[in-house]
Amino acid sequence: MAYSQAELDALKSAYAQGILRITYEGKTVEYGSADDLLGRIRVIEGEMATTSGQAKPVAGFASFRRSA
């Protein structure tokens, strides 16, 4: 699915203001909670990073060996 920068900007602005109803590009969407809104922001940012060729951050566990 293609996301727009206008949608992402509207979501971020709404999240910062504590608003759950967003209108962008003639569409209105109401989210159930701030967590739902933040989840949508993260999905769009991840998708945009992938399509622009930027690497997604990767979390992992560090390991080490103790030498004798």
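Readers should treat all values here as calculations from the given coordinates under stated rules, not as data from a laboratory. Small disclaimer: the values here were computed from a predicted structure and weren't measured. Backbone-built Cβ (ideal geometry, glycine too); neighbour counts: all protein chains shown.
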Degrees, to the nearest 10: 34-51 long Cα axis against longest axis of the chain: 70
Percent RCO, i.e. relative contact order, over the chain, from Cα pairs under 8 Å lying at least 6 residues apart: 25
Gaussian network model of the chain, springs between alpha carbon atoms under 10 Å - residue of G39, G26, G18 with greatest fluctuation: G26
Helix-derived mean residue ellipticity, 222 nm - over the chain, DSSP H n ≥ 4, -39500 (n - 2.57), to 500: -15000 deg cm²/dmol
Between helix 5-17 and the chain: long-axis angle, C-alpha atoms, 0 to 90°, nearest 10: 90
Leading residue at positive end of dipole, the chain (Cβ point charges), from L11, T28, T50: T50
